[in-house]
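For reference, the structure discussed in these notes is given below.
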Amino acid sequence: MKIEEDRIFLQPQSEPGQPGHFGGVDKKLPDKEERARLRVVKEENRRIKYVSSSKSSASYEPLQGDSSSTSSQNVDFPTLIEISEPGTSKLIMRKDFITPNLVAALDRCQLSIGDTVFVLEATIDALRCNIDEFPISKSSIQRIRT
């Protein structure tokens, strides 16, 4: 700085604890940390509820196929999804069954997203499963493909 008076004025302000210190109070960071902490607590509560409900309900067994193919694939467990409606809060168990291999097979057949939804719904119906337990929509398939 060329002006000595400005240098003398600004130097004490850059030191913490001095009057006129430029550093402000960060108000957004504590709020962000609190939201992250609440998110972790909610996830733990959901996980505890899922474990307690899965112990009391019937167990899910994967379909038996070739032993070599089932051992190399990872089977996704049902996912607990919270649906919030005005005045109520419901927890629904959804089964995530769309694997990368399934997505690759559907892409290889060059099916559109709408055709993919139709094929998956028909498959679930043919297996006599409840279609409400499976997250099938155009947007969910688009999310998985990307």
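Sub-6 Å Cβ pairs linking a first residue in the stretch 126-146 that is aromatic (Phe, Trp, Tyr) to a second residue that is assigned to a helix (DSSP H, G or I), at least 6 apart or interchain, are Phe134/Ile124, ordered by first then second residue. Taken over the stretch 124-138, the criterion of being assigned to a helix (DSSP H, G or I) and closer than 17 Å to Ala104 by Cα is satisfied by Lys138 alone.
Only the coordinates and a few stated rules stand behind these numbers; no lab work does. What you see is a predicted model; the values in this text were computed from it and never measured. Positions of Cβ are generated from backbone atoms using ideal geometry, with glycine treated the same way; all protein chains shown enter the neighbour counts.
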